[in-house]
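*Asks:* This is the structure, below, for whatever I ask next.
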Amino acid sequence: MTLENCGNCGKVFDSDKGEKLCADCIINEKKELLKVTNYLKKNPLAGIMDVTRDTGVSRNLVFRMINSGSLQIRKTPDLHKCRFCGKGIKYGSVCASCREKIEGMGKK
């Protein structure tokens, strides 16, 4: 049993699987993701600022959704780039070529 503080609300929870959020915050984030995806289905050309304004979901949470891969964007904004080479990416925090290089280094 490993006790952790939730990265969102600060509540102490049992984190056996290495989670960073408590169960309540995970459920809330899934509801927020559903809200964003439903909005984007109706407004496919909306930008991040439109999404945050019209859904009430914070910009930080939208970026977390993109970084985790739960949400993908069509056009790569200047703000979302690979953290190693700076190449524009649609999801995650590392582009495919840098990910391959990193995984290759681990095999050596």
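*Asks:* Return the FRET efficiency for the residue pair Ile102, Lys17: r is the Cβ-Cβ distance, R0 is 25 Å, and the value is rounded to the nearest 0.05.
*Replies:* 0.60
*Asks:* With respect to the cross-link table entries Lys41/Lys81; Lys41/Lys87; Lys17/Lys41; Lys30/Lys81, which display a Cα-Cα separation exceeding 31 Å?
*Replies:* Lys17/Lys41
*Asks:* So what's the back-of-envelope 222 nm ellipticity for the chain, counting only DSSP H runs of four-plus at -39500 (n - 2.57) apiece and dividing by all residues, rounded to 500?
*Replies:* Roughly -14500 deg cm²/dmol at 222 nm, from the helical runs in the chain.
*Asks:* Pop the C-beta distance of Tyr91 and Leu45 into the FRET formula with R0 = 25 Å and round what comes out to the nearest 0.05.
*Replies:* 0.85
None of the figures in this text is laboratory data; all of them are computed from the coordinates on show. Model, not experiment: these values are computed from the prediction. No Cβ is skipped: glycine too gets one built from the backbone with ideal geometry, and neighbour counts run over all protein chains shown.
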